[in-house]
Amino acid sequence: MRRTMAAGACCAGTASRPGYTACVWWASTWSWARRWSFLPKQGTENRVCVASTLKAELYPRYGGKSFVGNRDQKVIYPQHSKLTDKETQIQGCLGDTQFCFRFRQSSRRRVSLHCLLDEFDKDLPVYLKKDPAYFYGYVYFRQVRDKTLKRGYFQKSLVLISKLPYIHFFHTVLKQIAPEYFEKNEPYLEAACNDVDRWPAPVPGKTLHLPIMGMIMKVRIPTCHDKPGTTQMVQLTQQADTHTSIILPTVHEVDLFRCLCPVFLHSQMLWELVLLGEPLVVMAPSPSESSETVLALINCISPLKYFSDFRPYFTIHDSEFKEYTTRTQAPPSVILGVTNPFFAKTLQHWPHIIRIGDLKPAGEIPKQVKVKKLKNLKTLDSKPGVYTSYKPYLNRDEEIIKQLQKGVQQKRPSEAQSVILRRYFLELTQSFIIPLERYVASLMPLQKSISPWKSPPQLRQFLPEEFMKTLEKTGPQLTSGIKGDWIGLYRQFLKSPNFDGWFKTRRKEMTQKLEALHLEALCEEDLLLWIQKHTEVETVDLVLKLKNKLADRENLPVKPDTVEKLRTHIDAIILALPEDLQGILLKTGMT
């Protein structure tokens with residue numbers, strides 16, 4: 001980084017209006033770029049994009065998008081780095097605020113990423129795994145009045161692009177960097193990047209100490225082994241830490257109650273809509289409210305992953321605008337957050353629309369919106385509300401409503417309300433998914449059916465009607481007191497992208513488990529005795545298959561001692577073969 005800066009590796013851009021230039025950093029050689037935040041470039045080279053001082057093409061309050069194309073970039077590091085047209089569309093917003101957006105990776109860049117992030121991905125909960133097809137953009141935006149400019153003000157933004165969905169973490173990073181950067185410009189950003197370059201890898205389950213401009217951020221990234229709904233808090237080591245440390249209780253969660261406060265009376269219905277992957281639009285007055293509400297909706301079905309597309313802040317300039325607004329086909333399974341009033345007309349045919357007003361500061365409770373029919377949705381002057389004809393499958397849980405209302409009356413902190421609401425959603429989701437988990441586990445072949453000399457047995461087929469019959473005795477009524485048409489909800493869920501994504505993930509995990517059990521069974525056999533009864537061709541074939549299994553061990557849940565036994569078997573078999581074959585087999589790969 002220092003060598004690049006000293007060499008003056010920058011590309012000055014020309015803005016169409018004063019105060020609307022842009023700055024982009026590409027960190028193709030930084031270790032932290034590979035570990036924490038990156039844009040891919042041709043294979044395994046990774047980059048970071050930090051865009052500043054964006055040029056707004058439209059008024060940001062109405063969904064305008066700022067473009068950070070090559071002609072608008074103030075500086076680029078290193079010089080050879082370029083963005084595709086789709087990737088240079090960085091969103092704009094109005095006011096001093098933070099928000100995030102999500103966009104598709106260009107198909108020209110959609111290559112397999114074998115980087116450091118992949119090595120940690122397998123230990124993450126499914127909802128925190130990176131999506132190879134999408135990036136997140138984290139924005140800190142400031143509007144400053146300046147009478148010397150024709151428009152009376154100019155805009156500055158700091159935008160961080162990452163594959164990682166660590167919303168709270170990256171917003172905290174930007175809070176530490178952006179305000180000072182706006183005052184001190186590029187030298188301060190260079191200093192911040194040098195700090196980030198010293199960060200350790202984002203290993204799930206470990207307490208990470210991350211220096212940033214004189215402060216230490218202490219975070220812990222969840223693992224797939226954590227109990228859902230629990231947070232392992234990072235502890236201060238000494239009293240002095242309170243002055244120099246920032247402790248993050250979460251890397252990804254939003255303030256659930258604050259985001260859903262205007263609609264918490266309908267939270268259970270919204271949970272059903274998200275669970276079923278229904279097309280949903282959030283119309284909000286600003287990008288901040290838009291993105292926070294969409295992210296809260298995605299969070300409400302945790303620990304299930306939302307497998308459809310979602311856009312926390314979507315504008316008319318997004319490349320999928322025509323795809324998502326066409327009336328020639330049914331609306332896709334996607335959640336959109338928008339601010340432009342134009343969408344009130346363009347998306348009027350969508351089946352579920354949430355209109356919200358300004359989010360109130362902590363301690364203030366907005367008026368609860370009502371469920372209204374879609375025909376009452378007017379183009380511009382519609383009042384806040386949930387516009388839908390959807391009839392929930394489940395009866396509304398009045399107990400959680402009373403509990404949250406009591407909290408409002410007692411002025412319970414928003415954080416405490418969020419804990420209550422998050423636990424409610426977690427228990428509801430778990431009650432729903434446990435019967436599915438139990439049935440899918442029954443599709444697993446018995447371990448005694450695994451033979452070391454045959455291919456691993458296949459999983460039984462998922463039969464919807466067979467599953468439905470299990471609900472009478474082992475359904476959600478065992479863990480939830482909520483009444484309603486659970487079977488109807490399951491039937492609809494089995495048609496949704498969320499079920500498809502969930503079942504593909506579970507099937508992959510179970511197939512890998514079968515492979516691991518098959519490998520363990522093979523390692524327990526006397527392979528030297530086996531080769532005495534078989535030809536050299538069959539023996540060589542066995543060695544090659546064992547080597548392939550050894551190479552694939554990272555993807556299988558195998559024990560370390562099983563791997564060692566496998567290596568020992570391979571070495572012993574090779575030594576038992578003629579010397580010419582030994583030389584050939586030793587060259588085929590490391591054992």
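The values are calculated or read from the model by the stated rules, or taken from the named source; none is laboratory data. Small disclaimer: the values here were computed from a predicted structure and weren't measured. For neighbour counting, all protein chains shown are included, and Cβ atoms are generated from backbone atoms with ideal geometry for every residue, glycine included. All accessible areas refer to the heavy atoms of the entire protein, side chains included, with ligands and DNA or RNA removed. Shrake-Rupley method; radii C 1.70, N 1.55, O 1.52, S 1.80 Å.
May I ask you to list the residues of the range 476-509 whose amide nitrogen lies under 11 Å from a point 7 Å from Cα along the Cα→beta-carbon direction of residue 434? Once the point is set 7 Å along Cα→Cβ of residue 434, 476-481 turn out to lie under 11 Å by backbone N, inside the range 476-509. When you count the other C-beta atoms within 10 angstrom of each residue and take the mean per peptide, 334-346, 533-545, 276-288 line up highest first as 276-288, 334-346, 533-545.
A cut-off of 5 Å between modelled amide H atoms, ignoring neighbours fewer than 5 places along the same chain, links residue 370 with 386.
Of the peptides 497-509, 309-321, the ranking by mean beta-carbon count within 10 Å, highest at the top, reads 309-321, 497-509. For the range 278-345, the square roots of the Cα gyration tensor eigenvalues, ordered a ≥ b ≥ c, give a/c of at least 1.5 with a/b no greater than b/c, which places it in the oblate category.
Accessible area per residue (1.4 Å probe, heavy atoms of protein chains only) ranks 530, 486 as 530, 486, with the largest value leading. Treating r as the C-beta distance of residue 96 and residue 473 and R0 as 35 Å, the FRET efficiency rounds to 0.05. Residue 130 contributes an accessible area of around 30 Å² to the protein surface, as traced by a 1.4 Å probe with all chains present. How much FRET efficiency would the formula 1/(1 + (r/R0)^6) give for residue 462 and residue 371, where r is the Cβ-Cβ distance and R0 is 41 Å, rounded to 0.05? Computed FRET efficiency for residue 462 and residue 371: 0.75.
In a fully extended conformation the segment linking residue 442 and residue 524 would gain 26.9 nm over its present Cα-Cα distance, using 0.36 nm per residue. Extension gain for the segment residue 495 to residue 415, taken as residue separation times 0.36 nm less the Cα-Cα distance, is 25.3 nm to one decimal.
One chain, two ends: residue 144 and residue 551. Fully extended at 0.36 nm per residue, the span grows by 140.9 nm beyond their Cα-Cα distance. Could you compute the FRET efficiency for residue 405 and residue 383, with r as their C-beta to C-beta distance and R0 at 25 Å, rounded to 0.05? Here the calculated transfer efficiency is 0.70.
According to the square roots a ≥ b ≥ c of the eigenvalues of the Cα gyration tensor, what is the shape class of the range 380-439, taking rounded for a/c under 1.5, prolate for a/b larger than b/c otherwise, and oblate for the remainder? Note, shape of the range 380-439 comes out oblate.
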